[in-house]
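*Asks:* Next up is a structure, given as structure tokens.
Values in this text are rule-based calculations from the coordinates and carry no lab data. The structure displayed is predicted, hence computed values, not measured ones. Using ideal geometry, Cβ is built from the backbone for each residue, glycine included, and neighbour counts are taken over all protein chains shown.
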């Protein structure tokens, strides 16, 4: 496989920071005196271990409507009602995704906040080629997206802000895109390791990706990708439980799949220090 093809595949399958050791975005090193809570802010120059995310002090919609479900009289999930319920219910979840792309493999493990005005979280991104570790490889978060939408990446032993977004995709938006395809996308009820789920499936057009993952959209569009196969499973509260995307990028088959679990209230994500 040519080097250019490998790099194109890598860029489309794993966050660009993980691909090149967090040096891709060329963001300036943050000033230690800059306020950490503004969009252009940065953490202090000397990092300390990243604290475990804590729940927001006030109850969230996810906490107060945890028992609300969208099912029919027969107990089947109504996907349209479930997604409408989830749209008004921000929540946190543990994400575990893997991507296979020719000789390249990546993994993202994260605790993320979904369906709120800002998708945030703490992510551990790693990548390997032919079985050997290329970037990451630790369980320590190397990407943090705070509640104000600022993205921080670990570069060596320090943190700095990054202009690259979309570290947390709009999975709810993907499910809505599938539902919009019509009856053919409604595969039906399935069991997801003990959780009743509704399976949505179909081909998502690349233009539908633009508001959901802008950086991915740019890459796919530049490579001439017109669409991809997506299978997605949602629970009775409209939350994504499983995600499986297959893309043909210049003859290279890319598959991204994973799960969400441990749902709970939205969590506070502070800048790393």
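*Asks:* Set the Förster distance to 25 Å, then compute FRET efficiency between residue 189 and residue 248 from the Cβ-Cβ distance, nearest 0.05.
*Replies:* 0.25
*Asks:* Once the piece of chain linking residue 148 and residue 128 is laid out straight, how much longer is it, given 0.36 nm per residue of separation minus the C-alpha distance between them?
*Replies:* Details: separation 20, 0.36 × 20 = 7.20 nm, distance 3.11 nm.
Full-extension gain reported as 4.1 nm.
*Asks:* Starting from the Cα-Cα distance between residue 229 and residue 118, subtract it from 0.36 nm times their residue separation and give me the gain in nm to one decimal.
*Replies:* Numbers: separation 111, 0.36 × 111 = 39.96 nm, distance 2.63 nm.
Separation in residues times 0.36 nm, less the Cα-Cα distance, equals 37.3 nm.
*Asks:* In Å, what Rg and Dmax follow from the Cα atoms of region 152-233?
*Replies:* 16.2, 51
*Asks:* Moving on to the next point. Dimensions of region 63-219 along principal axes (Cα, Å, largest first)?
*Replies:* Principal axes ranked by extent give 55, 38, 33 Å for the Cα atoms.
*Asks:* Between residue 214 and residue 139, with labels modelled 7 Å along Cα→Cβ, what's the label distance in nm to one decimal, could you check?
*Replies:* Label-label distance for residue 214 and residue 139, simple model: 3.5 nm.
*Asks:* Would you mind ranking 94, 108, 146 so that the residue whose beta carbon has the fewest other beta carbons within 10 Å leads the list? Please report the intermediate quantities before stating the final value.
*Replies:* On the way: 94 15, 108 24, 146 21.
So the residues, fewest neighbours to most, are 94, 146, 108.
*Asks:* In nanometres, what is the gap between the two model label sites at residue 180 and residue 222, each 7 Å from Cα along Cα-to-Cβ?
*Replies:* The two pseudo-label positions are separated by 2.5 nm.
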